[in-house]
Amino acid sequence: MEIFSCLGKHNYEQLVFCQDKESGLKAIIAIHDTTLGPALGGTRMWPYASEEEAIVDVLRLARGMTYKSAAAGLDMGGGKAVIIGDPHKDKSEALFRAFGRFVEGLNGRYITAEDVGTTVEDMDIVLRETRHVCGLGAKAGSSGDPSPVTAIGVWKGIKACAGAVWGEESLAGKTIALQGLGKVGYHLARHLHDEGARLIVADIITDRVDRVKRELNVQAVAPEAIYDVPCDIFVPAALGAILNDDTMGRLGCRLVAGPANNQLAEDRHGDLLHQKGILYAPDYVINAGGVINVADEFNGAYDRERALRAVEIIPRNLAEVIRVSRRDNIPTYKVADLLAEKRIATLGRIKNILLPCR
Ligand code: NAD
């Protein structure tokens, strides 16, 4: 694999390989862009089949964070880390402390947090070796699990999109197909249910489905059947790449809006949704609640009320994306990219203004 040509393709700044034989640590940290601030992005632990697969994933995820933070109005750049390993078997105190030391070595250019395969508790261990970690449970003034705030941002984002599609934001009486009842999906189900939506849900873990069925008035279908459910809104809250050649013809909704990262298998699926008249809420715009929540730690001690006020940017951003998409007849995912790139370019330029010596 030609590393520099991969980095050059989307102008990545830095790729760092971290190895510690004793603890078994094999980690890769990617810093995509620090124009707006330090590269913020979680650490994913996953049993990648090859080093190349891990590199491709960390690069893709780091670039996604640049766009997510830029769109969310944060003073943060984009980065991500991956630890190659099985989160069920390979975790240890030494592994996360070794990782923390490598993060500390970057001296604040990269700030980490939890992600798929890592937890708030793992990050509490990382904290023992570096200041550059957030979303913690053990540290006073930290923001903890971002999922409930991600769910609030997605719920408000869905309402903004509903307003654009049906002329009113209320979700009462809307049929919503929700794929995935994990950390975000569970909280989201509660908000949607409380607003009077009719929920049809699916998850591959039966306990999660049973819990939601017990607590809320929902109908459940088999995981593979969720794409075929006639509904107003399809909410992906599980996997990436679920908007693909197989599912595209099956969706019977007018709106796709949910928290899952990287929902479009390829850009052309975003083009197809646009042609079909199905409104797609760009994933990194609607799911930014988590990163907005964690970034609040950099405004002093974490303040949940302040973080929730900042999350209000999500419905505003979606309204702007939809407005430009309709005005210029451009798919929403492209509009989101253009708006994020414009913010980075504009704010990057103002950094050229010379400040007097202090
Ligand atoms: P999670 O792992 O807690 O939940 C995912 C759920 O999806 C699990 O319950 C899993 O069993 C289920 N699932 C997996 N495959 C499925 C399938 N084929 N059909 C139905 N269900 C399936 O993860 P999460 O934290 O809730 O995140 C959900 C999505 O949102 C992910 O794509 C994540 O990257 C994204 N996201 C999460 C946050 C956050 O704050 N947690 C922030 C931004 C984006």
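The values are calculated or read from the model by the stated rules, or taken from the named source; none is laboratory data. Small disclaimer: the values here were computed from a predicted structure and weren't measured. Neighbour counts run over all protein chains shown; Cβ positions are idealised from the backbone, glycine included. Heads up: the accessible areas ignore ligands, DNA and RNA and are worked out on the full protein's heavy atoms, side chains in. Shrake-Rupley method; radii C 1.70, N 1.55, O 1.52, S 1.80 Å.
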Does Ile286 satisfy the condition of being within 18 Å of Ala336 (Cα to Cα), β-branched (Val, Ile, Thr), surrounded by 15 or more Cβ atoms within 10 Å (Cβ to Cβ) and within 11 Å of the ligand (Cβ to nearest atom)?
yes
Tally, over segment 167-189, of residues that are touching a residue at least 40 places away in the same chain (Cβ under 8 Å), assigned to a helix (DSSP H, G or I) and either surrounded by fewer than 23 Cβ atoms within 10 Å (Cβ to Cβ) or away from the ligand (no atom under 16 Å from the Cβ) (or both)
1
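Look at Gly100 and say whether it is part of a helix (DSSP H, G or I), open to solvent by less than 40 Å² (accessible area, probe 1.4 Å) and not assigned by TED's automatic domain parsing to the domain that holds Leu25.
Numbers: part of a helix (DSSP H, G or I): yes; open to solvent by less than 40 Å² (accessible area, probe 1.4 Å): yes; not assigned by TED's automatic domain parsing to the domain that holds Leu25: no.
So Gly100 fails the test.
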Scan segment 131-141 and tell me whether some residue there is closer than 26 Å to Phe4 by Cβ and among the basic types (Lys, Arg).
no
Test: Gly348 is small (Gly, Ala, Ser) and over 17 Å from Gly73 (Cβ atoms)
no
For segment 271-346, list the helices (runs of 4 or more DSSP H) that sit wholly inside it and hold at least 3 residues that are over 20 Å from Ile233 (Cβ atoms) and free of Cβ contacts under 8 Å to residues at least 40 places away in the same chain; which are they?
304-311, 313-328
Based on this model, can you work out whether Ile292 counts as touching a Gly at 6+ places or on another chain (Cβ under 8 Å), under 27 Å from Pro146 (Cα atoms) and within 12 Å of the ligand (Cβ to nearest atom)?
yes
Among the numbered criteria (1) under 28 Å from Asn11 (Cβ atoms); (2) out of contact with any Pro (no Cβ under 9 Å at 6 or more places or on another chain), which one does Ser325 miss?
(2)
Going residue by residue through segment 130-148, is there one that turns out to be β-branched (Val, Ile, Thr), more than 30 Å from Arg326 (Cβ to Cβ) and in contact (Cβ under 8 Å) with a residue 40 or more places away in the chain?
no
Taking segment 1-33 and keeping residues closer than 29 Å to Asp337 by Cβ, among the charged types (D, E, K, R) and touching a strand residue (DSSP E or B) at 6+ places or on another chain (Cβ under 9 Å) leaves Glu13, Asp33
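Let's see how each residue does on (1) of a type in the set (Ser, Thr, Tyr); (2) buried (at least 16 other Cβ atoms within 10 Å of the Cβ); (3) touching a residue at least 12 places away in the same chain (Cβ under 8 Å):
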site	(1), (2), (3)
Phe17	no, no, no
Ser23	yes, yes, yes
Ala27	no, yes, yes
His32	no, yes, yes
Gly37	no, yes, yes
Gly42	no, yes, yes
Pro47	no, no, yes
Leu61	no, yes, yes
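I'd like the full set of residues that are open to solvent by less than 30 Å² (accessible area, probe 1.4 Å) and either on the phi > 0 side of the Ramachandran plot or assigned to a loop (DSSP other than H, G, I, E, B) (or both), limited to segment 226-240.
Quick first cut of segment 226-240, residues open to solvent by less than 30 Å² (accessible area, probe 1.4 Å) only: 226-227, 229, 231, 233-237.
Result: Val229, Cys231, Ala237.
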Farther than 20 Å from Ala71 by Cβ and either open to solvent by 10 Å² or more (accessible area, probe 1.4 Å) or within 15 Å of the ligand (Cβ to nearest atom) (or both): does that describe Pro223?
yes
Under the condition of being in contact with a strand residue (DSSP E or B) (Cβ under 6 Å, 6 or more places away or on another chain) and open to solvent by less than 50 Å² (accessible area, probe 1.4 Å), which residue from segment 190-211 is farthest from the ligand (Cβ to nearest atom)?
Ala197
